[in-house]
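The values are calculated or read from the model by the stated rules, or taken from the named source; none is laboratory data. If you're wondering where the values come from, they're calculated on a predicted model, not measured in any experiment. Each accessible area value is taken on the protein alone, full model and side chains, heavy atoms only, with ligands, DNA and RNA left out. Shrake-Rupley method; radii C 1.70, N 1.55, O 1.52, S 1.80 Å.
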Amino acid sequence: MRKPVIAGNWKMYKLLGEAVETALALKPLVANANHCEVVIAPVFTALKTVCDRLEGSNIKVAAQNCSTEQRHGAQTGEVSADMIKDVGASHVIVGHSERRQFYGERDEAVNLKAIACLNFGLTAIVCVGENLAERESGRDETVVETQLSGALEGLTVSDMERIIIAYEPVWAIGTGQTATPEQAQAMHRYIRRTLENLQGKTVAEQTRILYGGSVKPENIKGLMVQPDIDGTLVGGASLDAESFAGIVNYK
Ligand code: PGA
C-alpha cells in the first residue's frame, strides 16, 4: 500500500545554525516513526550540512526548487538537480504555489524540473492547487487537472514511482484556514481519478498524494484518516521540531 509521507517545507527560514539545530532536535523525536517517510526541506545554503548531520537517520532531505536546466552552464543563480543529489538530498519540491505566484513558474517549467529530478534519481514532490477565486468560481478541478497534466507531460509509468503529488489549495497556505478533511479528500479523489486517466489504474493507486495548507498537530489526524490523503506537506508548523514531530507521530 501507499506509505505516507510527512514533509516539512522550511521555505526561506533559518540560518545555517538554526537549520542544523532544528534537524538535530527532530532526529530523536521521529526516530521511531516507521509508519511514514519523513522529509524536511531546508534552504539551499543549509542543504549539505543538514544532509551530513542527518546521515543514517530516517529523515530524508529535500530541496525546495531546482533548475529546469539539466546541463551545467551559464545560468546565474540556478541550482541543478544533480547538484542537489550531489550533496545528499533525495527529494525536490517542484511547482510550489509560491514559485508559481511570485516567480512566474508555469506548468512547462514544473514539468522540466520534474524531469530533471527523475534523470538524476531524485523524487519530485509536485505541487498543485487552486487559488480562492478559482475555487469560488468552480474552476478548482479544472485548474488542478491542467497543472497535473502539464507537470506530468511525457512521464512514463516507471517515472511515476518517483513522483509524489502535493495538493495545496493556495487559500489554505499560511492562512490558518485548512481545507476541511472532506474538501481535501474530495480533491484528492479527483486527483487520483485524473492520474488514472493520465497514467492508468496502477499508477493512480500507487501514487502518494499529500495535502498541504495550514496542517498542524491539531488537525493532522482528521486529514490522515481520509482514504486518499497519503501524507502532508507542512510549512509553518514544520519550523519547530516539537510541532513537526507532533504531526509525524500522528498515529
Ligand atoms: P503552511 O504551508 O503549512 O504554512 O500553510 C504549506 C506549504 O506552503 O507547503
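At a probe radius of 1.4 angstrom, the accessible area of the chain per residue rounds to 45 square angstrom. Structure shown: which of Lys27/Lys48; Lys3/Lys221; Lys48/Lys216; Lys11/Lys60 lie over 19 Å apart, alpha-carbon to alpha-carbon? Beyond 19 Å: Lys48/Lys216.
Compared with the direct C-alpha span, the chain from Glu196 to Arg2 gains 68.3 nm at full extension, assuming 0.36 nm per residue. In this structure, the amide hydrogen of Val94, modeled 1.01 Å from its nitrogen in the peptide plane, lies closer than 5 angstrom to those of Ile125, Val126, Cys127, counting only residues at least 5 positions away or on a different chain.
Only protein atoms count toward the accessible area here, which uses a 1.4 Å probe; on the chain, the carbon and sulfur part of that area reaches 50 percent. Couplings 3J(HN,Hα) for segment 33-47, derived from phi with the Karplus relation 6.51 cos²θ - 1.76 cosθ + 1.60 (θ = phi - 60°), are 7, 8, 7, 8, 8, 10, 9, 10, 10, x, 5, 3, 5, 9, 4 Hz, where x marks Gly and Pro.
Taking a ≥ b ≥ c as the square roots of the eigenvalues of the Cα gyration tensor, segment 43-89 is classed as prolate, since a/c reaches at least 1.5 and a/b is larger than b/c.
Taking every DSSP bridge with both residues inside the chain, close to 0 percent are antiparallel. Kirkwood's formula applied to the C-alpha pairs of segment 188-251 gives a hydrodynamic radius of 12.6 angstrom. Amide H to amide H distances under 5 Å link Val215 with Gly235, where only residues 5 or more positions off or on other chains count and H is placed in the peptide plane.
Calculated mean residue ellipticity at 222 nm for the chain: -12000 deg cm²/dmol, from DSSP H runs with n ≥ 4 weighted as -39500 (n - 2.57), summed, divided by the residue count and rounded to 500. In the chain, the alpha-carbon atoms span a convex hull of 116 Å³ per residue. The convex hull of the Cα atoms of segment 118-183, projected and averaged over all directions, covers 5.4 nm².
With an a/c value of 1.5 or above and a/b larger than b/c for the gyration tensor axes a ≥ b ≥ c computed over the alpha-carbon atoms, segment 75-124 is described as prolate.
Karplus-based coupling profile of segment 190-203, in residue order and whole Hz: 5, 5, 5, 5, 5, 4, 5, 5, 7, 10, x, 5, 4, 4, with θ = phi - 60° in 6.51 cos²θ - 1.76 cosθ + 1.60 and x standing for Gly or Pro.
A probe of 1.4 angstrom, applied to the heavy atoms of all protein chains, finds Ile40 with accessible area near 0 square angstrom.
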